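First comes the structure, then the notes that go with it.
The values are calculated or read from the model by the stated rules, or taken from the named source; none is laboratory data. No experiment lies behind these values; they were computed from the predicted model shown. Virtual Cβ from ideal backbone geometry, glycine too; neighbours counted across all protein chains shown. Calculation scope for accessible area: heavy atoms of the full protein, side chains included, ligands and nucleic acids excluded. Shrake-Rupley method; radii C 1.70, N 1.55, O 1.52, S 1.80 Å.
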Amino acid sequence: MTNGSVPAPQHDQHDPAPISTAATAANKATKPDRFFNLPVTILILASFMLGMSEFVVVGILPDIAQGLKVSEVTVGNLVALFAFVYAPVTPLGSAISARFPRFATYLTLMGVFLAGNLLCALAPNYPVLLIARIMIALVSGTLVAIAMTYAPDVTTEQYRTKFIAWVFSGFSIASVVGVPFGTWVANTFGWRITFFIITGLTAVLMGLMATFLPRNSHPVTIGFLRQFRLFFDKRIWGGVLTVVFGAGSSYVFYTYLTPIMRDEIGVPEQYVSVGLVLYGVACLWSNLYGGRIAERGRGVEPLARTRPIFCLHAILLCSLALASIVPLYGAVLLVALGMMMYLFNSASQVLYMDVAAEAHPGSMNLAASLNSMSFNIGIALGSAVGGLVNDHLGLTWLGPVGAIFSVGAIVITTLLRRAMPAKTAKTA
């Protein structure tokens, strides 16, 4: 790798023969110069549908509980279960998918996603709904990973990090637009209609995928277990741990965002939904600006440069304890925390894919899955810790405890700086 970029997967002695130079040039010549071409838009919409399906349960939780005659706590367990299934299955599914044609695999997994949402809509009882949510969790992370591998084929090198940022932003857009819409539909027409709409939109999207996504594919022939040699690279572990700590630091308090707004800051009940939308917009900005951060270097450099962000994040989280004393400051602080929530996402994805392209080219699919895996581990860990803190210490301590996770991210990004070129590390 001469310029630190993420090219199409390189080939070693175990991979299929490389594409000819003429074929590569022809492929580049057919790529549109504008970023928002149809294939890119389709892949962003796919992440939007994945995000809406994952997050909408939180908004329609009471409706589901009432409809299936179970407790809200029981339905709430679907959220934690989704993350616990999503995290370990994503790298396994991505490693397996690398051995099959990308286009066919992507459409097949989208078919499973569609079937899972249809089953959610038709579920006669909680066990069936549970099975449906597991089906969706089993394929969602792998779908994100495969989407990332389309970057060299649907856009140009100059838009690589922008593509990564927008694919991640599909989830933020889902939280800002999709979830409120799905909640309104559930409240107006019933929660099953929400899942029918997701199913219908997914079917339309699959038709567009079948028509417009590139069909070129180069399945690896490297063994399944050999792909996991990627985990022997210390730089990969640095990225994984940074994301786990970064996500955990936010989800300690984010899990209880509504109670914090209502009980600590004093936001009236009727305006809590407005606060959630504002927070979602801040998160969307965070994802998009994270793409700019990811452009500041290659390999470990962008993520190592996020150390000052984690330092500021730790300070702001500690000050969240003041929210009940100075409500206006608390309200502004929540928006600021939302703007920092995903700043490291694209940088970590660049690290995984650059390291894989340089040293482990047969593990590109696996590398593309690591951000989703790491973030969901952070979600599960942060939510669990937040629950313990809320039960034993109260809402006031969620921020300071979340800051401990940020300190962990500071330590890891400091260690990552050692893997940077000496001159670059001095200016970081």
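When the chain is treated as a GNM, springs tying every alpha-carbon pair under 10 Å, which of VAL70, VAL385, VAL243 comes out with the largest mean-square fluctuation?
Result for the chain, Cα springs under 10 Å: VAL70 fluctuates most.
As I understand it, the dipole of the chain uses +1 on the Cβ of Lys and Arg and -1 on the Cβ of Asp and Glu, about the Cα centre. Which of VAL355, VAL85, LEU288 lies farthest toward its positive end?
Highest projection toward the positive end goes to VAL355.
Per q in 0.15, 0.19 1/Å, what log10 I(q)/I(0) does a Debye calculation on the alpha-carbon atoms of the stretch 226-421 return?
With one equal scatterer per Cα and no solvent, log10 I(q)/I(0) is -0.84, -1.22.
Accessible area per residue, 1.4 Å probe, Å², for the stretch 34-219: what's the number?
Using a 1.4 Å probe on heavy atoms only, each residue of the stretch 34-219 averages 37 Å².
Tell me, what % of the accessible area of the stretch 314-428 is carbon and sulfur with a 1.4 angstrom probe?
72
Looking at (i) 1.14; (ii) 1.49; (iii) 0.96, which value of Cα Rg over 2.2 N^0.38 Å comes from a calculation on the structure shown?
The calculated read-out lines up with (iii).
With contacts defined as alpha carbon pairs under 8 Å and 6 or more residues apart, what's the relative contact order of the chain in percent?
Contact order relative to length: 26 percent.
Quote the accessible area belonging to ILE197 in square angstrom, nearest 10, computed with a 1.4 Å probe and with ligands, DNA and RNA left uncounted.
Result for ILE197: roughly 50 Å² accessible.
Starting from the Cα of THR74, move 7 Å in the Cα-to-Cβ direction to define the label point; list residues of the stretch 107-126 whose amide nitrogen is under 12 Å from there.
Under cut-off, by backbone N: 125-126.
Pick out, in residue order, every one of the trypsin sites (Lys or Arg not before Pro) in the stretch 32-118 that is DSSP loop and has at most 12 other C-beta atoms within 10 Å; say none if there are none.
ARG34, LYS69
For the stretch 34-219, what does the equivalent ellipsoid look like in terms of its semi-axes, each the square root of 5 times an eigenvalue of the Cα gyration tensor, given largest first in whole Å? Don't skip to the answer; put the middle values down first.
Details: eigenvalues 172, 59, 39 Å².
Equivalent-ellipsoid dimensions as semi-axes: 29, 17, 14 Å.
Students often check this: by mean Cβ neighbours within 10 Å, which of 55-65, 389-399 ranks highest, and how do the rest follow?
Final packing ranking: 55-65, 389-399.
Using the heavy atoms of the protein chains alone and a 1.4 angstrom probe, what is the accessible area of the stretch 226-421 per residue in square angstrom?
On a per-residue basis, 38 Å².
Give the residues of the stretch 248-278 whose amide nitrogen is closer than 16 Å to a point set 7 Å from the Cα of TYR289 in the direction of its Cβ.
278
With a 1.4 Å probe and all protein chains left in place, how much of the accessible area of the stretch 34-219 comes from carbon and sulfur atoms, in whole percent?
For the stretch 34-219, the apolar C and S fraction of the accessible surface comes to 74 percent.
Hey, if you put +1 on the Cβ of every Lys and Arg and -1 on every Asp and Glu Cβ in the stretch 34-219, which of TYR126, GLY200, ALA186 ends up farthest toward the positive end of that dipole?
GLY200
Which net charge results for the neighbourhood of ILE146, defined as the other residues with beta-carbon distances under 15 angstrom from its beta-carbon, given Lys and Arg at +1 and Asp and Glu at -1?
Net local charge, ILE146 excluded: +2.
With +1 on the Cβ of every Lys and Arg and -1 on the Cβ of every Asp and Glu, and nothing else charged, how large is the dipole of the stretch 199-337 about its Cα centre, in debye rounded to the nearest 20? Write out the running numbers ahead of the final one.
On the way: 11 positive and 6 negative charges, 164 e Å.
It comes to approximately 780 debye.
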